[in-house]
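Data block below; observations after.
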Amino acid sequence: MAQRPLDGIRVTDFTWAWAGPYCTLQMAHLGAEVIRIESQKRTCVSRAIPSFADDIPGPNRAGYFNQYNQGKKSLQLDLGRPEGVEIAKKLVAKSDIVVQNFSAGAIDRMGLGYETLRQVKPDLIMISICGYGQTGPERQYMGYGPASVPLAGISSLTGYRGLGPAEVGISYGDPNAGIFGAFAALAALAYRQRTGKGVHVDLALWEALLVLMPEGLLDYAMNKTQPERDGNRDRWMAPHGCFKCKGDDDKWVTIACGTEAEWQSLCKAIGKPELATDKRFANVVTRKANEDALEEIITAWTKERDRWEVTEALQKGGVAAFPSLSNKDMATNPHLTARGYLVQKEHPEVGKRIHAGIPWHMSGTPCEVRAAAPVRGQHTESVLRDILGLSETEIHKLRDGQVLY
């Protein structure tokens with residue numbers, strides 16, 4: 001196949017949970033050889049989180065882990081042993097990038113900090129992800145993605161008018177930091193190619209998430225005011241929301257009118273063209289002023305119809321509309337299937353399962369999910385033998401000594 005963007009790049013992956021593995025997942029998707037360092041003594045939390053294939057618990061059966069570690073290799077190694085640390089250093093010496101997302105200072109205490117590793121790999125690129133960064137007065141605080149959401153102010157804007165802040169329902173801080181880390185790694189590779197020098201990237205979940213809040217931050221910075229929580233409504237567009245459709249409690253459709261032409265099209269589509277000249281809804285200002293009444297009218301129409309019927313009728317008229325999709329909807333979506341986004345690779349223990357794949361297509365450097373996520377320690381012997389050059393006798397000795405544990 002054609003060369004992938006990161007063909008020839010090797011990544012030593014010390015990550016766990018979500019933020020770090022999501023970072024290295026992007027590198028694997030781009031063609032890098034990503035080698036996870038794992039141990040039975042400290043099983044990655046994502047190997048223990050449901051759901052499990054066939055509802056049978058097991059470290060190799062967790063859908064969470066198997067989603068975010070596709071295309072990687074697994075080296076089982078006890079980093080609590082000096083021999084394990086030395087093997088890790090040897091692997092780093094033959095790698096281009098190291099990624100870790102332990103709490104600040106933890107990797108240094110393990111003897112694998114940046115200043116130590118750059119001695120064995122002078123042009124090393126290291127991505128360190130943690131809650132609050134490697135420096136500063138709060139560096140020692142534990143930091144996870146769910147906590148970074150309210151800390152970044154996102155929860156303060158999430159919720160309905162007149163009610164308190166609401167949980168957003170997902171740990172945005174983790175995958176967001178992972179994407180930032182992958183992008184930083186690409187920038188660092190370009191820098192190294194230009195200068196021959198490595199770099200240490202200190203990435204904080206909190207800071208990476210703050211950049212998703214420009215409206216709220218700027219409103220306060222410029223005006224000393226904070227936006228009011230307003231559910232699914234938009235400051236400028238009306239209607240703009242999620243409307244109940246015919247069926248069970250999960251059947252909804254999102255609708256947004258960004259122009260007057262779209263508003264008039266919506267009026268025709270719902271069989272009420274007279275609304276376009278109704279003084280209450282004559283323009284966006286009056287529609288915003290009478291939004292409760294407007295949403296009641298639209299809901300009366302949508303709740304009698306299937307969500308896809310609503311979608312097709314409105315899209316036909318040029319109005320932005322689409323159903324809210326469930327997990328099942330996503331996993332069986334014909335559009336995502338046709339584009340090759342949903343993939344099924346043979347896994348050694350659970351067989352073929354549906355996973356989200358690569359969300360981009362590049363004509364010059366095509367990418368693909370090369371393999372399912374590894375079972376724990378699946379590539380231990382091949383990495384030690386083929387990359388580090390250890391003999392079978394040396395490998396057996398390490399295994400007997402429970403270094404490969």
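Each value in this text was obtained by applying a stated rule to the coordinates, not by laboratory testing. Bear in mind the structure is a predicted one, so any value in this text is a computation, not a measurement. FYI the Cβ positions are ideal-geometry reconstructions off the backbone, even for glycines, and counts take in every protein chain you see.
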As straight-line cross-link partners of residue 41, the qualifying lysines (C-alpha separation under 20 Å, not fewer than 8 residues apart within one chain) are 73, 89, 397
Subtracting the Cα-Cα distance of residue 194 and residue 356 from 0.36 nm times their residue separation yields 54.9 nm
Other-chain or far-sequence residues with amide H under 5 Å of residue 34's (modelled H): 11, 73
Can you give the FRET efficiency to the nearest 0.05 for residue 399 and residue 349, using r as the Cβ-Cβ distance and R₀ = 25 Å? 0.75
What's the FRET efficiency of residue 7 with residue 183 using the Cβ-Cβ distance as r and R₀ = 25 Å, to the nearest 0.05? 0.85
Among (1) 18.3; (2) 24.1; (3) 19.7, the entry that matches mean projected area of the Cα convex hull in nm² as calculated here: (2)
For residue 382 and residue 49, extending 7 Å from Cα along the Cα-Cβ vector and measuring point to point gives, in nm, a value of 2.7
If amide hydrogens are placed 1.01 Å from N in the peptide plane, which non-local residues have theirs closer than 5 Å to the one on residue 405? 77, 78
MRE, 222 nm, helices only [DSSP H, n ≥ 4, -39500 (n - 2.57), over the chain, to nearest 500]: -10000 deg cm²/dmol
In nanometres, the difference between 0.36 nm per residue of separation and the alpha-carbon distance of residue 278 and residue 248 is 7.6 nm
